[in-house]
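Please treat every number below as a calculation from the coordinates, not as lab data. What you are looking at is a predicted structure, and each value in this text was computed from that prediction instead of being measured. Note that each Cβ is placed from the backbone with ideal geometry, even for glycine, and that neighbours are counted across all protein chains shown.
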Amino acid sequence: MDFRLTDDQEALRAGMRQLLDRHFGPTALRHAADPLAHHAPNAELTRLWAELGAAGLFSLRADESAGGVGLGLPEAVLVFEETGRALLPGPLVATHLAGSWGLVPGAAEGRVVVTAMDAGRPSPDVTSPPGGTAPDGMLVEHLEAADAVLVVGDGEVRLLETTGSDLAGAVKDGEQAGSPPAAAAAPAPVPVRSVDPLSPLHRVVARPASDSRPVAGDQEEGPGARRGQRSGDGVGQEPGDGPEERLPTVAGRGKWLPAVDVPGKWLPTGDADVLRREAGVLTAAQQLGSARRTLEMAVGYAREREQFGRPIGTFQAVQHLCAGMLVRAQTARSAVYAAAVTQESEEAYAAKLLADEAATSNARDCLQVFGGMGFTWEAEVHLHLKRAWLRAEQWGTSAAAEERLAAALL
Amino acid sequence: MDFRLTDDQEALRAGMRQLLDRHFGPTALRHAADPLAHHAPNAELTRLWAELGAAGLFSLRADESAGGVGLGLPEAVLVFEETGRALLPGPLVATHLAGSWGLVPGAAEGRVVVTAMDAGRPSPDVTSPPGGTAPDGMLVEHLEAADAVLVVGDGEVRLLETTGSDLAGAVKDGEQAGSPPAAAAAPAPVPVRSVDPLSPLHRVVARPASDSRPVAGDQEEGPGARRGQRSGDGVGQEPGDGPEERLPTVAGRGKWLPAVDVPGKWLPTGDADVLRREAGVLTAAQQLGSARRTLEMAVGYAREREQFGRPIGTFQAVQHLCAGMLVRAQTARSAVYAAAVTQESEEAYAAKLLADEAATSNARDCLQVFGGMGFTWEAEVHLHLKRAWLRAEQWGTSAAAEERLAAALL
Amino acid sequence: MDLTCTPEEEEFRARLRTWLARELPTLPPRPDPLDWPARRAYDMDWQRRLHEAGYAGLHWPEDAGGQDATPTQHLIFLEETEAAGAPYVGAGFVGLLHAGPTIAAEGTAEQRARWLPPILSGDQVWCQGFSEPDAGSDLASLRTRAVRDGDHYVVTGSKIWTSHAEVADWCELLVRTDPEAPRHRGITWLALPMDAPGVTVRPLRTLAGSTEFAEVFLDEVRVPVTHRVGEENDGWRVTMVTLSFERGTAFVGEVVACRRTLRLLAKRARKTGRWDDAVLRRRLGRLNAEFTALWRLIQWNVSEAAHGLRHGGTGVPAEGASVFKLRYSHARQELYDVAAAVLGPDALDLTREWTRERLSSLSYTIAAGTSQIQHTILAERVLGLPKGR
Amino acid sequence: MDLTCTPEEEEFRARLRTWLARELPTLPPRPDPLDWPARRAYDMDWQRRLHEAGYAGLHWPEDAGGQDATPTQHLIFLEETEAAGAPYVGAGFVGLLHAGPTIAAEGTAEQRARWLPPILSGDQVWCQGFSEPDAGSDLASLRTRAVRDGDHYVVTGSKIWTSHAEVADWCELLVRTDPEAPRHRGITWLALPMDAPGVTVRPLRTLAGSTEFAEVFLDEVRVPVTHRVGEENDGWRVTMVTLSFERGTAFVGEVVACRRTLRLLAKRARKTGRWDDAVLRRRLGRLNAEFTALWRLIQWNVSEAAHGLRHGGTGVPAEGASVFKLRYSHARQELYDVAAAVLGPDALDLTREWTRERLSSLSYTIAAGTSQIQHTILAERVLGLPKGR
């Protein structure tokens, strides 16, 4: 047993940090976040993707025989930790999964951008509120830039094509509760003004519940699909939801492609859970990277900033805030790395839960250390907080993780 | 509007503080808590009761025509705050209610000791766990010393006599799940080794559920009694409780006396809620007194105790702990005093919730400030923590209060 | 322990309600939040209406043109206007709550006559130039220099966190006139005309993406010595006088609004089904207790302030103010964290009001004395712990 | 990032399991917790069995009679013995974990030969005399005096928080030998025979009502100079050497036990119906994450310690130790607060084990460096923030 990083792992991490410094350093971040800079985020993402693809970020875990790097989840976690640290934008986790699992041609090389939807439901024995889905629909990041959407459902993985497809036309906010859109004219995804300026979001608007059942039948289904089950334990069952009762489902006019039709590896039933778990661990790794970065920033600022004639880092109140951030980051680190090594479900939930908490709380504490300066747009810290909020909603919320972890005790 | 204390109220509080210094000062407290001192707590309580009765603690709110002091709940709250500060033992709230409402002859004068059982259930719309009752039975303080037990149920108040009665004989812990006691030999209250050395407890052991229904019929009932309803929304309904399913009910061989048979004021249905609310507010006042006392203690210690060549109160870590205690105490104060003045249900729940939190958290923070010294039995601080835990279970838990306060928002 | 209002206070409340019911429907539509001149016009229109109805400068002394109302009346005024959905003080804030009271207390007769009436009538807008990038929590370390040149001060430096700078007529400015004196002793209070040559205003984008604050750059701006309020180098004391005008009423409107938000959150949660999440529901319940207590804390502080004023004191004691600020800052942040839990993923939608409020609530533990500084104030000034080193 | 054990380690584990399965059923019944001599006898019996089986002094160097096991083996040993429900080190604690390693590292050949074997064989019990009433967190301010008188030190003072003092043969004692020297420079380490004239032991009752600690009063106790380990006035360094023996394994057994308790809590909650309380249930879930992470943190620290030892370093770095202690102290207190929520009013029953553990858990944020001090260590020594004043 040696939990420490191997020399190779250390080198991999250092290499990734250098790469990101070059391709998405502080200046690029500031430019990307500048609300007044008229840039073309989709074009920039495409360029970035090619660079990341060339560096192997998306093919990291694909077999060497398939042109991949042949590394494991622990290595991926180290690399994703760096992306979180750099606040690298884009659907990195989805494209990495698509590339490393060989689900979408071109993903491994960064030639296509793949985003994802977590369309899975918590297991039936979990009585808590739905994790990751809202009655109003699901939010998907970077949909406009994406060539394909990985839909990770219950026991199945589907692929939704967006290239040149009907998903392009966006309509206005579909939240007119009184007039549910007719099935024939199911609304296309609706752009949402994202709290994170670097992560554009679309709401994939829900269909009315009465319209949902046909989905199971009128679409081509992969083996092991259990979509019909959703109406039995899904959002629609929540009391008090009466007239607005809706099921989250992809309602764009794009067609559903079961994974089996897609070139590359076909995903049998059980693998949707694996994919979702890996996505959770990689997202946790990004949160960890962010938590460690905001700690660094807070410490750096506390050393330099003077108030009352001395560096604020000499005040215990500031010192102990920083120490608390360190404790959160290192505890999350132990959970995230262990989840990557063991690939166990319980560890993965613990990793996501603790990394979400580390990222959001550290960003808030960093903001507190920065004081008024942290409240300006120019300070990087708010971007970490917003991204941390976003990631906390992706691939399993804290509430869902706590329920799973509680159930695991019995 | 002048929320501040009047001069009379200030004088009342000061008088009470003096009285308690005299009759239950630090030396008496230490003696009462000394596990090696062979004293007779019941006899001591009787003596204390006479003194408190003479001072008007129990008749404070009774009409002057009935020999009482004729003051209101705000004044009672100030006086009870002092009892909490002094860690005065005994069923003060119950005897005060019995005396001020004229429920038990001799209570007002401190000639009899009255304890209480909160046998009410949360309202049916509250889906949370039962507040204040455990499946294993209810805990009653100072039962041995008590002459009577005030049973505050759903819309009714009953009185259980203990003097010279069958309640005296205690049996061993009745928690043999396999062998529920037969109805004919319902167990008497069982002494419990109380975490608070100054508050002896008895568990009033539950009857098997199958045995509970007759209670509604085979006992004399006061008007407005709704005992039968308990089996409809009570503990017995909790899932997973299978073979141990039991209803909390007084199972001693003492007989149930409906309040109407008792000399003094008869309590119609609605008044049980009033009584319970007053009990909650007075208990919150005691918590407040304790919270302010542990703040005082922490500040005093932080001023004196030196480590690393200076008073520990110069360290921000200690300073900010103390400041946090002050914030808790003063916030709770505003809630408790307002509840006493308005006598509104929502305010009462807020008062209990915030005072419970102030008392328990302040005691814990005080312990932290005291360091190792606080961990000794001799330091008064642990007695505050233990009493705060005890009171937090009485007259409405935080969980129940939160549910009520949430429901009130709709 | 009296929470009832006197008959006079009840009458005041009734009269105000009647007036609000009549006046509010006649208000123009709310302006675009990014259109500063329109916002100024809207806020000043409201101030003019208040002035005509006799509600302007409610808490100002009568000899300054105010109503000399008691803190309780002021509380009632703020409670009722917020409950009725009346406009917030907006662009009038600094004039009515900071600069005005300072001039009223420390200004010469001429200065009072010149500056106070237009504040009350809604004709002139003031902004505040206190904070600097390097003088945040430690305000007294400010470095903007003012050098005497004949009957003018020549001012150079920069200020930050100035709201309404774009549309203000005047700025209450703290400058350093004696760099050699101890920190608090070399500061002077000046009234700066915002149209003076050398004044540059640059909008400051906050993390919420909005630009309600600005930076003000001062490049050899000439301010007449007659614009000085109080003595040279006595500006710190002059400013503290203003601050002591606080009577515990500063957050009345906000707490009323938070309690309304809390009820809306509960209703929204009920509607979406998230109400069934006991963790969320009980957080809402706890917040109900929290804001109930905060409301009572305001009443306590107002009572203390009223008592103090009746007996020649000034404003609310440090204890009440710091206790309230600490608890309220935390409660407000928790409120909008809970709002995010109610919204679920929709909390990521920046067009949601609750999401924007969540972002702006982040400043509450920082602005006007960080939570860390408030704790130290309580520990050292209220609890009497020995001064930290 | 390797969490698998080597074949040798797996073999070690298998052998230990076999031995435990055979040995544990033959143990005598557990003694009354208030009967100190019986507890000593029980603990020493267990130590004797370990000794005979070759498990005594697992982490001690071979030349001190130990097994020179790797930190990983030590981790496995502690994990397996706890999981099997074997006795805790008990009265052997100070000898095996503090005094013994100190003597092994700093003692003379004669001292090692005299004191080490009886520790390993379970024949002699040591206690610790470090803390004093006025020297808590600030251990270096200790005042117990030792004055040289010929070939003896004459020791006067008092020690606190000494466990097993009633039944110990020896006490590792820190005394001040040079009151003029800087705090850390005038301290000396002595081995005190507990039966020496002038030694008085008084049980100390903790807030949990138990007497597992004692105060030790020293009234002109004569200790031979030959009982000194290390040089005179070099006791602080000598003691720190002991502390650096920590290899991240200190809390292995406790974390294993906490995880077991957590599962029991869940089962109990399910049985009583409190499982339906989502707030409680999710607290349990969060604690599961917490203790999962703490277990991995132990493995991280042990890995660091093993690496350090392989490369001539000593023990676990300050960062890992303080991070673990802070997080674990808090998690343990939360665990027993949740236990109280599971028990409901029955948490007031002092005969409940979880209630007693709740009380004793209160010391975790205080003993062996308060949480406040741990935060400062991390801030200044690990994060490199400037030293506070």
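Below 9 angstrom from the Cβ of A:ALA76, what's the summed charge of the other residues (Lys, Arg +1; Asp, Glu -1)? All intermediate terms of the calculation are to be shown ahead of the outcome.
Working: positive: A:ARG61; negative: A:GLU75, A:GLU278.
Here the charged neighbours net out to -1.
Pairs of Cα atoms under 8 Å, at least six residues apart: use those to get the relative contact order of region B:270-409, whole percent. Present the calculation step by step, with values, prior to reporting the outcome.
Details: 177 pairs, mean separation 44.3, N = 140.
Answer for region B:270-409 is 32 percent.
Each label point was placed 7 Å from the Cα along the Cα-to-Cβ direction; for C:HIS152 and C:ASP32 their separation is 3.7 nm. Remark: label point of D:PRO31 defined 7 Å out from Cα along the Cα-Cβ vector; separations to the same position in other copies 8.4 nm, ascending. For chain D, the relative contact order is 12 percent, taking Cα pairs closer than 8 Å that sit 6 or more residues apart in sequence and dividing their mean separation by the residue count.
So what's the net charge close to B:ARG85: Lys and Arg +1, Asp and Glu -1, counting the other residues with Cβ under 12 Å from its Cβ? Can you show the working numbers first?
Working: positive: B:ARG13, B:ARG17, B:ARG292, B:ARG293, B:ARG387; negative: B:ASP21, B:GLU81, B:GLU82, B:GLU296, B:GLU380.
Every neighbour counted, the sum reads 0.
Inter-label distance, D:ASP178 to A:ALA66: 7.0 nm, where each label sits 7 Å from its Cα along the C-beta direction. Here region D:127-233 is described by how far its Cα atoms reach on the three principal axes: 41, 28, 20 Å, from widest to narrowest. Of all chain B residues, the one whose Cβ lies closest to the rotation axis that maps B onto A, given with that distance rounded to whole Å, is B:GLN316, 2.
When Rg and the Kirkwood radius Rh are both evaluated on Cα atoms of chain C, their ratio Rg/Rh stands at 0.96.
Among D:THR206, D:THR144, D:THR351, determine the one that fluctuates most according to a GNM of chain D built with springs between C-alpha atoms less than 10 Å apart. Result: D:THR351 has the largest fluctuation of those listed.
Where the centre of each part is set by its Cα atoms, how far does region B:377-408 sit from region C:342-389, in angstrom? Taking the Cα centre of each part, region B:377-408 and region C:342-389 sit 27 Å apart. Remark: for residue pairs C:LYS267/C:LYS325; A:LYS352/C:LYS267; C:LYS159/D:LYS387; D:LYS325/D:LYS387; A:LYS352/D:LYS387; C:LYS387/D:LYS387, the C-alpha separation exceeds 26 Å in C:LYS267/C:LYS325; A:LYS352/C:LYS267; C:LYS159/D:LYS387; A:LYS352/D:LYS387. A simple spin-label model places the labels of B:ARG193 and C:THR18 7.2 nm from each other, with each point 7 Å out along Cα-to-Cβ.
On a per residue basis, the convex hull of the C-alpha atoms belonging to the protein assembly as shown measures out at 196 Å³.
Take each residue in C:203-209, count the other chain C-beta atoms within 10 Å of its C-beta, and the mean is 5.
At a 10 Å Cβ-Cβ cut-off, how would you order D:LYS267, C:LYS387, B:LYS352, fewest neighbours first? Walk me through the intermediate numbers first.
Values: D:LYS267 14, C:LYS387 11, B:LYS352 34.
In increasing order of surrounding Cβ atoms, one gets C:LYS387, D:LYS267, B:LYS352.
For the pair C:LYS387 and D:ARG145, what calculated FRET efficiency results from E = 1/(1 + (r/R0)^6), where r is the Cβ-Cβ distance and R0 = 41 Å, to the nearest 0.05?
Details: r = 33 Å, r/R0 = 0.81.
The computed FRET efficiency comes out at 0.75.
Between C:ALA367, C:ALA21, C:ALA278, the GNM of chain C built on Cα springs shorter than 10 angstrom shows C:ALA278 fluctuating the most.
Note the distances from C:LYS387 to each other copy's matching label point, with points 7 Å along the Cα-to-beta-carbon direction, in nm, sorted shortest first. Taking the point 7 Å beyond Cα along Cα→Cβ, the inter-copy spacings are 2.2 nm. If R0 is 30 Å, the Cβ-Cβ spacing of D:THR351 and B:HIS31 corresponds to a FRET efficiency of close to 0.80. Among C:HIS152, C:HIS311, C:HIS330, the largest mean-square fluctuation in a Gaussian network model of chain C, built with springs joining Cα atoms closer than 10 Å, belongs to C:HIS311. Would any residue of region D:343-373 have its amide N under 19 Å from a label point 7 Å out along Cα→Cβ of D:GLU254? List them or say none. Answer for this model: D:353-373. Each copy carries a label point for C:HIS330 at 7 Å from Cα toward Cβ; from one copy, the others' points are 1.4 nm away, ordered from shortest. Listed by Cβ neighbour count within 10 Å, with the fewest neighbours leading, B:LEU92, A:LEU410, C:LEU97 appear as A:LEU410, C:LEU97, B:LEU92.
Residues within the reach of a label modelled at D:ARG48 (point 7 angstrom out along Cα to beta-carbon, backbone nitrogen below 14 Å), restricted to region D:89-133, are D:118-125. Grab the other residues whose beta carbon is less than 9 angstrom from that of A:GLY99, score K and R as +1, D and E as -1, and report the net. Neighbourhood net charge equals 0.
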